[in-house]
Structures are given as C-alpha cells and as structure tokens.
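Report on the structure given below.
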Amino acid sequence: VQLVASGGGLVQAGGSLRLSCAASGRTFTTFAIGWFRRAPGKERTFVAAINWSGGSTAYTDAVKGRFTISRDNAKNTVYLQMNSLKPEDTAVYFCALKFGSGLYTSVYDYWGQGTQVTVSS
C-alpha cells in the first residue's frame with residue numbers, strides 16, 4: 001500500500017487549504033483513512049478520520065467546525081478541507097490507512113510521507 005499526501009503549503013491565518021491522500025496498492029478491500037499532524041517540537045497527534053463508507057467521521061476538538069474530511073472511493077482518495085486556519089495548525093500532516101470497515105483514531109497500518117502546512121499570522 002502506498003499513500004501520497006499532497007496539498008500543503010503556506011497560507012495566511014483565516015485562509016483555507018485542501019489536503020489530498022491518494023491510496024494505491026491493496027485498495028480492493030475496505031479501509032479507513034486518518035489524518036495526523038506533527039507540530040514543530042511536538043508529538044504526532046490525531047486530526048481526523050473517516051470510515052470506508054464515509055458515513056462516520058471523527059475529529060480532534062481543536063479542528064471541529066473548521067476541518068472536514070471526505071473521501072472519493074472511486075479515486076481511492078481522501079480529502080481534508082481545512083478552513084479558518086490558525087497559526088497553531090502549522091504542522092506536517094500525515095495520512096494513514098487501516099484496513100477494516102470501522103472508524104479508527106489510532107493504530108494505523110500504513111503511513112504516507114507527510115505534507116507541510118504553514119499558517120502565518
């Protein structure tokens with residue numbers, strides 16, 4: 001399984017970005033996707049997750065109401081729409097895959113390479 005995260009960049013506070021996570025390889029079975037981030041000098045933390053059907057999602061409290069996770073299974077791609085960005089959202093964002101039909105906020109099987117998001121004040 002390969003995961004390629006893209007869409008990061010530099011944006012001013014209050015701006016928006018949309019991250020994409022494209023999965024390839026063993027994608028003929030059900031899987032969940034999660035987004036995580038690692039801010040400078042901090043541990044990697046959970047941001048959002050979506051189950052296979054897209055009917056269940058989860059968010060960390062810090063991004064609720066600002067970030068939206070969605071998926072297009074025909075393209076094996078998951079998106080993270082990030083609005084009203086804040087400087088504290090600055091981090092490397094990683095997407096991760098876990099096989100199964102559930103919704104997961106930890107213990108993922110495969111990880112992408114990460115994409116940098118920088119929010120200036």
**Complete:** Under the 7 Å Cα-to-Cβ spin-label approximation, T27 and L10 lie apart by a distance in nanometres of 3.1 nm
**Item:** Mean accessible surface per residue for the chain, computed with a 1.4 Å probe while every protein chain stays in place, in Å²
**Value:** 49 Å²
**Item:** Semi-axis lengths, Å, segment 33-95, gyration tensor of Cα atoms, sqrt of 5 times eigenvalues
**Value:** 21, 12, 10
**Within segment 15-34, backbone nitrogen closer than 20 Å to the virtual label 7 Å beyond the Cα of K64 toward Cβ** = 34
**Complete:** Carbon and sulfur atoms account, in whole percent of the 1.4 Å probe accessible area of the chain, for 48 percent
**Complete:** Cα-based Debye curve of segment 59-116 sampled at q = 0.17 Å⁻¹ gives log₁₀ I(q)/I(0) of -0.69
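Cβ neighbours within 10 Å, averaged per peptide: list 87-93, 100-106 in order, most packed at the top. Display every interim value, and only then the final one.
Working: 87-93: 18.0, 100-106: 14.3.
Descending mean neighbour count gives 87-93, 100-106.
So for the chain, if I pair up every lysine 8 or more residues apart or on another chain, how many of those pairs have alpha-carbons under 25 Å apart?
Details: K42/K64; K42/K86; K42/K98; K64/K86; K64/K98; K75/K98.
Taking the Cα cut-off of 25 Å, the pair count is 6.
Say R0 is 30 Å: what FRET efficiency, to the nearest 0.05, do R44 and K75 get from their beta-carbon distance? Kindly include the intermediate steps, with their values, before the conclusion.
On the way: r = 26 Å, r/R0 = 0.87.
Computed FRET efficiency for R44 and K75: 0.70.
Order the peptides 10-17, 30-37 from the highest to the lowest mean number of other Cβ atoms within 10 Å of their residues.
Details: 10-17: 13.6, 30-37: 23.6.
With the highest mean Cβ count within 10 Å placed first, the list reads 30-37, 10-17.
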**Request:** Compute the distribution of all C-alpha to C-alpha distances in segment 1-54, in bins of 5 Å from 0, and list the percent of pairs in each, rounded to whole numbers.
**Result:** 4, 13, 20, 26, 20, 10, 6, 2
**Request:** Write down the radius of gyration of the chain and its Dmax, each obtained from C-alpha positions, in Å.
**Result:** 13.3, 42
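The values are calculated or read from the model by the stated rules, or taken from the named source; none is laboratory data. The model shown is predicted, which means the values in this text are computed figures rather than measured ones. Reconstructed Cβ throughout: ideal geometry from the backbone, glycine too, with neighbour counts over all protein chains shown. We work out accessible area using only protein heavy atoms, side chains counted, and drop any ligands, DNA or RNA first. Shrake-Rupley method; radii C 1.70, N 1.55, O 1.52, S 1.80 Å.
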